[in-house]
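Student: Please find one structure pasted underneath; my questions will follow.
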Amino acid sequence: MDGQRFETPLGPIELLGRDTGRPIQVVITGAFASSNTLELNQDRFPELDVWRTHLPGNHCPPLVATSVGVFAAAISQALRQRLAGRTAQVIGLSVGALVAMALDADLVDRLLLVEPPLRPDRAWPLTQLLDAMPAGGEDFVWQVFGLAPDRREPREYTGLLDRLSRPAKLVLGGDALLPERDRTGWPSLVDDDSRRVLAAHLLVEVQVLPGAGHHVLKEAWPQFEPIMRAFAAG
């Protein structure tokens, strides 16, 4: 696949995908996402130039520091170079949705955000990462989620909503976070308080997919794909 690597003061960012002058869709994948996440979007949307980027350190080099803010700053710098005055529609998945919310607003046309974990301190399934994270993932899990085997520290990202100045479509799983329970796959990681805050935001439209948990693309693809197609069409 075509792509470019951009050097920024915070470290390198890779933007995978062609640039033929068509309107641009940027995909930011989530924590420890597979390398092929939404890689078929270029085939789904031939009328667009689709650029994908993984969170730094996942299938690509790390940055000088690990945080949602640093990720967003570096990706914004890379996009500013490649967009060259244009704007993009942006799809963000999970932590990638948090990063999308923190991008420089003048680079963004509109946002499609899937299951952003705004209050990871309340998202009890995340503790499973302590036993199941990829090798080298400890720094990411601590810095982004505030989780380590011997300590916990609150992280909250609801303040990113104050940065929104572009329309945002929020897609959430309908399988509620609470109560804690056994489930094949994670429930939604967006708690009820966060849902109320999202629903009250004037630039946010929330759509809940019944029965789906956090991994919407896996559990509710037939419902999600038409949402994504409508978003892509503007």
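Student: From the helices alone, meaning DSSP H stretches of at least four residues, give me the mean residue ellipticity at 222 nm for the chain, per-run term -39500 (n - 2.57), in deg cm²/dmol to the nearest 500. Walk me through the numbers on the way to the answer.
Tutor: On the way: 8 runs with 66 residues, N = 234.
Computed mean residue ellipticity for the chain: -7500 deg cm²/dmol.
Student: Which whole-number percent gives the relative contact order of region 1-89, counting Cα pairs below 8 Å spaced six or more residues apart?
Tutor: Numbers: 135 pairs, mean separation 31.4, N = 89.
RCO, region 1-89: 35 percent.
Student: Using the number of other C-beta atoms within 10 angstrom as an exposure proxy, rank 55, 38, 130 with the fewest first.
Tutor: Going from least to most buried by this count: 130, 38, 55.
Student: Hey, another quick one. Hey, can you grab everything whose amide H is under 5 Å from the amide H of residue 26? Only 5+ residues off in sequence or another chain; H modelled, so Pro and N-termini drop out.
Tutor: Residues meeting the amide H criterion: 51, 89, 90, 91.
Student: Apply the Karplus curve 6.51 cos²θ - 1.76 cosθ + 1.60, θ = phi - 60°, to the phi angles in region 128-136 and return the couplings in whole Hz, x for Gly and Pro.
Tutor: With the stated coefficients, region 128-136 comes to 5, 5, 4, 9, 10, 6, x, 4, x Hz.
Student: Could you give the length gained on full extension between residue 196 and residue 18, defined as 0.36 nm per residue of separation minus the Cα-Cα distance, in nm?
Tutor: Result: 60.2 nm gained on full extension.
Student: Amide H neighbours of residue 206 under 5 Å, at least 5 residues apart or on other chains, H built in the peptide plane: list them.
Tutor: Correct list: 170.
Student: For residue 232, what charge total do you get from the other residues with a beta carbon under 9 Å from its beta carbon, if Lys and Arg give +1 and Asp and Glu give -1?
Tutor: Numbers: positive: 44, 229; negative: 47.
Here the charged neighbours net out to +1.
Student: Using 0.36 nm per residue of separation minus the Cα-Cα distance, give me the extension gain between residue 7 and residue 158 in nm, one decimal.
Tutor: Working: separation 151, 0.36 × 151 = 54.36 nm, distance 2.96 nm.
Full extension of this stretch gives 51.4 nm more.
Student: Tell me, 228, 101 in order of fewest to most beta-carbon neighbours within 10 Å? Could you put the intermediate results ahead of the total?
Tutor: Details: 228 21, 101 26.
Ascending Cβ contact count within 10 Å gives the list 228, 101.
Student: Sticking with this structure for a sec: Kirkwood hydrodynamic radius, the chain, all distinct C-alpha pairs: what's the number in Å?
Tutor: Working: mean 1/r = 0.0561 Å⁻¹.
17.8 Å is the Kirkwood radius here.
Student: Quick check on the exposure proxy: order 214, 201, 59 from fewest to most C-beta atoms within 10 angstrom. Provide the component values of the computation, followed by the final result.
Tutor: Working: 214 25, 201 14, 59 18.
Ordered from fewest to most neighbouring Cβ atoms within 10 Å, 214, 201, 59 come out as 201, 59, 214.
Student: For q values of 0.17, 0.21, 0.22 Å⁻¹, compute log₁₀ I(q)/I(0) with the Debye formula on a Cα-only model of region 100-185, without solvent.
Tutor: -0.87, -1.12, -1.16
Laboratory data are not the source of any read-out in this text; all were calculated from the coordinates shown. Note that the structure is a prediction, hence the values are computed from the model and not measured. Here the Cβ is made from the backbone with ideal geometry for all residues, glycine too, and neighbour counts use every protein chain on show.
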